[in-house]
Amino acid sequence: MTEILETKLEITSWDEKPYREFDDGRKFSRAEVTLAGTGDGLERGSFESLLYYRADGTSEYVSIMEIVGTLGGRSGSFVLQGTGTYDGTTARGVTAIVPGSGTGDLAGISGEAESASTHADYPHMPLTIRYELA
């Protein structure tokens, strides 16, 4: 049975550095982000993203994220892998739980997650996780 958790993780650090920049304003960047839980069982997380920014500031990215905490009364960690966009107002991401990434009581977890956030959400990142426990 699929369970759903709607949460907000707190962004505690965001370290982003361009590694290739172009004269017209385009750039490639790498971000390392640390997250803290907000009291609903998720304790912490972290992710890395590779981003491509267009000259107008919109972007596309790929990311990999580890989340540590408790889902459905079971504790452990799991990894999300996904892609996203930023349209100048809203950052949207879709991810899937990496098969075999669950640890502890979350071994065998499967599912996906999505996030949509604006500057008004900062320092929080809304996240909806749809998951099944083995």
| said: Can you classify the chain as rounded, prolate or oblate using the Cα gyration tensor, where a ≥ b ≥ c are the square roots of its eigenvalues, rounded means a/c under 1.5, and otherwise it's prolate if a/b beats b/c and oblate if not? | reply: prolate
| Near GLU132, within a Cβ-to-Cβ distance under 13 Å, what is the net charge of the other residues, with Lys and Arg +1 and Asp and Glu -1? | 0
| task | Using the Cα centre as the reference, give the magnitude of the dipole from point charges on the C-beta atoms of the chain (Lys, Arg: +1; Asp, Glu: -1; all else neutral), rounded to the nearest 20 debye. | result | 140
| field | Mean-position separation - Cα centroids, segment 8-84 and segment 106-131, in angstrom | value | 11
| remark: The convex hull of the Cα atoms of segment 29-105, divided by residue count, gives a volume in Å³ per residue of 93
| said: Taking 2.2 N^0.38 Å as the expected size of a compact globular protein, what ratio does the Cα radius of gyration of segment 43-86 give against it, to two decimals? | reply: 1.51
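No lab work stands behind these numbers, since they all come straight from the coordinates. This one's a predicted model, so the numbers in the text were calculated from it and none came from an experiment. Don't worry about glycine lacking a Cβ; one is built from the backbone with ideal geometry, like all the others, and counts go over all protein chains shown.
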